[in-house]
Amino acid sequence: MVGSSSWTIGFAFGIGGILLLPIGYVYGEWVKRLPDASGEAAYTAQVFPPIVSYFTGWTMLLAYFIVCPWEAVAVGKVASYLFPSLNSLEIYRIAGQPVFLPRLALGILLTLFLGVLNYRGIRASATFQKWATSTVLILFAVVAITSATHGSIANFRPGFRTAPFVSILLVLQIVPYFMTGFESVPKAAEEASVEFRSQGFFKAIVLALFVGAAFYVVAVAAVSFAAPWQSLLDTRFATAAAFSRVPGTQWLVRLILVAAIFGLFQCFNGNFVAASRLLFSFGRRGTIPARFGKIHRKFQTPSVAVIATTVATLAALALGDALLVPVTEVGSMASACGWFATCVSLCVVESRTGVRVVAALGGLVALVLFSMKLFPIFPGHFYTAEWIALAIWISLGAGMHLGRRSPASDAGVTDFV
C-alpha cells in the first residue's frame with residue numbers, strides 16, 4: 001500500500017468489507033450444514049471429486065499458515081522501533097534483506113509460546129486471543145480519539161494519487177489478505193461448547209467482517225487526519241511517523257507500536273489455530289499422512305498438527321523481511337481461491353433460490369479477487385517470486401497427498417497420544 005493515499009486505502013477496505021459480506025453469509029450457511037474443521041475441503045467434497053476438494057483445502061491452508069511466519073517476522077520488525085538494539089548482530093541476508101539475531105530470537109520465542117499454548121488446549125488459546133484483541137481495541141480507541149484532537153481535514157487532500165479506479169483496484173487486491181479470518185471461525189466448530197449454537201458462528205463471521213473493515217478504515221483515517229499522507233510516502237512505519245510530527249504526542253507513538261505488537265499477537269494466534277486445525281482435518285480424512293490426525297489424549301488437541309505448524313513456522317521465519325511482500329500477495333490469492341470454491345459448492349447443493357443468488361454473488365466477488373492476482377491484465381499481478389512460492393506449496397501438497405497411507409492401515413490413529 002506504499003504510495004497510496006488515505007482515500008484510496010479507506011475506500012478499498014470499506015468496499016472490500018461490503019463485497020465480502022456475501023462470502024461471509026456463505027460460510028455461515030455452511031457451518032450450520034456441516035460443522036467440520038476441514039472447512040473448504042469438507043464443503044467442496046460435497047460437490048467436487050476428492051482431488052479437487054483436497055487442493056482447495058490445501059490452498060486455503062496456505063492462506064492461514066503463511067500468515068504465521070509473516071507475523072513472527074513482523075513482531076521483531078515493529079519491536080525494533082521501540083528497542084533499536086534489536087537491529088544488531090546481523091547473521092545473514094536474503095534477497096538483500098538483513099536477518100538480525102535478536103529479532104529472529106524474538107520471533108522464535110513467540111512461535112514456541114503459541115505452539116505450547118495451542119498444544120495444551122483451545123481454551124487457553126481462546127483466552128489469549130480475547131485478551132490480545134481487547135488490548136488492541138482499547139489502545140486503538142485511544143489513538144483514534146487523540147487523532148481527532150490533533151489534526152486537520154486538509155491533510156486528506158488530494159483524495160487520490162493517481163486515477164481513482166486504478167488506485168482503489170491496486171489496494172483492493174490485497175484486501176483479502178488483511179480481511180482473512182472471518183472464514184476461519186468454522187474451523188473451531190468441532191471444539192466449541194455445545195451451548196454455542198450454529199447461529200453463533202454466523203453472527204461471529206458477520207461481526208468479524210464489519211469490525212475488520214471498520215478497524216482498517218478508521219485507522220487509516222486517524223493517521224491521515226494527523227499528518228498529510230504525501231509526507232508519509234516511503235516512510236518506515238507511517239502510522240507512528242504521522243503522530244511523531246504532532247507536538248506533545250511522542251507518548252502516543254510508543255502506544256501505537258505497543259498496539260501494533262498486540263495486534264500481531266492476536267492475528268498470529270488466530271491463523272495458527274486455523275492452520276493447525278485444517279492440517280489436522282486433512283490427516284483425519286486420510287488425504288495426507290494420518291499421523292497429522294492424532295489427538296492428544298490428555299489435552300484433546302490436534303497435537304501433531306500443532307507441532308507441525310510450529311516447526312514449519314520456525315523454518316519460514318528464517319527468511320526474515322524478504323518474506324513479507326511475497327507472502328501478502330500469495331496469501332490474498334489463496335484466500336480468494338478458497339472463498340470461490342466454497343461459494344460455488346453452496347450454490348450447487350442449495351435448493352433455496354435466495355441463498356443460491358447470494359452464493360453466486362459471493363463466488364463472483366471471489367473470482368474477481370482471484371483473477372486480479374493471476375492475470376497480467378490487472379496491475380499488481382503475480383511476479384516470479386509469488387509464482388515460485390505458489391509452485392513450492394502445490395508441490396509440497398502433492399507430495400503429502402501421495403505419501404499418505406491407505407485409510408485401513410491407519411484405523412484408530414487419532415486415539416494415540
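The values are calculated or read from the model by the stated rules, or taken from the named source; none is laboratory data. None of the values given here were measured: they were computed from a predicted structure. Here the Cβ is made from the backbone with ideal geometry for all residues, glycine too, and neighbour counts use every protein chain on show. Note: areas computed on protein heavy atoms with side chains; ligands, DNA, RNA excluded. Shrake-Rupley method; radii C 1.70, N 1.55, O 1.52, S 1.80 Å.
Please determine, by comparing only the residues of the stretch 397-417 that are open to solvent by less than 90 Å² (accessible area, probe 1.4 Å) and at pLDDT 50 or above, which one is nearest to the chain's Cα centre (by Cα).
G397
Could you give me the residue pairs with C-beta distances under 8 Å whose first residue belongs to the stretch 78-102 and is without any contact (Cβ under 8 Å) to a residue 12 or more places away in the chain and among the hydroxyl-bearing types (S, T, Y), whose second residue is surrounded by 14 or more Cβ atoms within 10 Å (Cβ to Cβ) and not in a loop (DSSP other than H, G, I, E, B) wherever it lies, and which are 6+ apart or on separate chains?
Y92/P98; Y92/V99
Looking only at the stretch 267-281, count every residue that is more than 17 Å from I66 (Cα to Cα) and at pLDDT 90 or above and tell me the total.
Just the residues of the stretch 267-281 that are more than 17 Å from I66 (Cα to Cα), to begin with: 281.
Next, from what is left, pick out any that are at pLDDT 90 or above: none.
Residues meeting the conditions: 0.
Is it fair to say T342 is assigned to a helix (DSSP H, G or I), modelled with pLDDT under 80 and open to solvent by less than 70 Å² (accessible area, probe 1.4 Å)?
Taking the combined requirement at face value, the residue does not satisfy it.
Does the stretch 181-191 contain at least one residue that is in a helix (DSSP H, G or I) and at pLDDT 80 or above? Steps first, answer last, please.
First, the residues of the stretch 181-191 that are in a helix (DSSP H, G or I): 182-191.
Cutting the leftovers down to at pLDDT 80 or above gives us none.
Within the stretch 181-191, not a single residue is in a helix (DSSP H, G or I) and at pLDDT 80 or above.
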